[in-house]
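Please read the structure below before turning to the comments.
Laboratory data are not the source of any read-out in this text; all were calculated from the coordinates shown. Only a predicted model underlies this, so the values are computations on that prediction, with no experimental measurement involved. Don't worry about glycine lacking a Cβ; one is built from the backbone with ideal geometry, like all the others, and counts go over all protein chains shown.
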Amino acid sequence: MSIEKLQPAAQGAVGVYMPYCQGAKRTVLPLAISLYQQGSLEGQRRIEGGESIPFVATWFVSNLPADLTRCRLQFDGNTDLSYEVMMANSEFINYLIEVIVNFRRSRLTDFSQAFYRKLLRIDE
């Protein structure tokens, strides 16, 4: 399902994540939880000066903000280009909020630079 067709998640699911979400992000939270509940996302990693690379992101769904999510990204349908990262659901939901905000701005489904830095363990 595309981001354009997302329906807001139920208020009960949204309420659990409210304490982990600040400011303007709260308006996007119901859509981010709905996206999270799907367990996958297809998009394109934009490369400056080059062609975008398609990816598929998958993760296990849990309803508790403190539970850990294992997110796996596979680029260009190539198993050699697969990466995994684990983080708290609440943190992952914030990255999904950024995906939705970015999509609204650019019409491109992609994660933020901060997410890729975490995925590739650049700041560790």
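Please go through region 87-124 and pick out each residue that is of a type in the set (Asp, Glu) and outside any helix (DSSP H, G or I). Don't jump to the end; show me each part of the working.
Taking region 87-124 first, the residues of a type in the set (Asp, Glu) are 91, 98, 110, 123-124.
Once the filter is applied, which keeps residues that are of a type in the set (Asp, Glu) and outside any helix (DSSP H, G or I), region 87-124 yields Asp110, Asp123, Glu124.
Of Val56, Val16, which residue is without any contact (Cβ under 8 Å) to a residue 60 or more places away in the chain, farther than 20 Å from Phe115 by Cα and among the aliphatic types (A, V, I, L, M)?
On the way: Val56 fails: farther than 20 Å from Phe115 by Cα.
The unique qualifying residue is Val16.
Would you tally the residues in region 36-48 being free of Cβ contacts under 8 Å to residues at least 40 places away in the same chain, surrounded by 10 or more Cβ atoms within 10 Å (Cβ to Cβ) and part of a loop (DSSP other than H, G, I, E, B)?
Narrowing region 36-48 to residues free of Cβ contacts under 8 Å to residues at least 40 places away in the same chain: 37-40, 47-48.
This time we only want the ones that are surrounded by 10 or more Cβ atoms within 10 Å (Cβ to Cβ), so: 37-40.
With part of a loop (DSSP other than H, G, I, E, B) added as a condition, the list becomes 39.
Summing the residues that are free of Cβ contacts under 8 Å to residues at least 40 places away in the same chain, surrounded by 10 or more Cβ atoms within 10 Å (Cβ to Cβ) and part of a loop (DSSP other than H, G, I, E, B) in region 36-48 gives 1.
If Glu51 meets every condition in (1) within 16 Å of the chain's Cα centre (by Cα); (2) free of Cβ contacts under 8 Å to residues at least 24 places away in the same chain; (3) not in a helix (DSSP H, G or I) apart from one, which number is that one?
(1)
Among the residues of region 1-34, how many are closer than 15 Å to Asn102 by Cβ, touching a Ser or Thr at 6+ places or on another chain (Cβ under 7 Å) and not in a loop (DSSP other than H, G, I, E, B)?
Matching residues across region 1-34 total 1.
What's the number of the condition Gln74 fails, among (1) in a helix (DSSP H, G or I); (2) in contact (Cβ under 8 Å) with a residue 12 or more places away in the chain; (3) farther than 27 Å from Thr27 by Cα?
Condition (1) is where Gln74 drops out.
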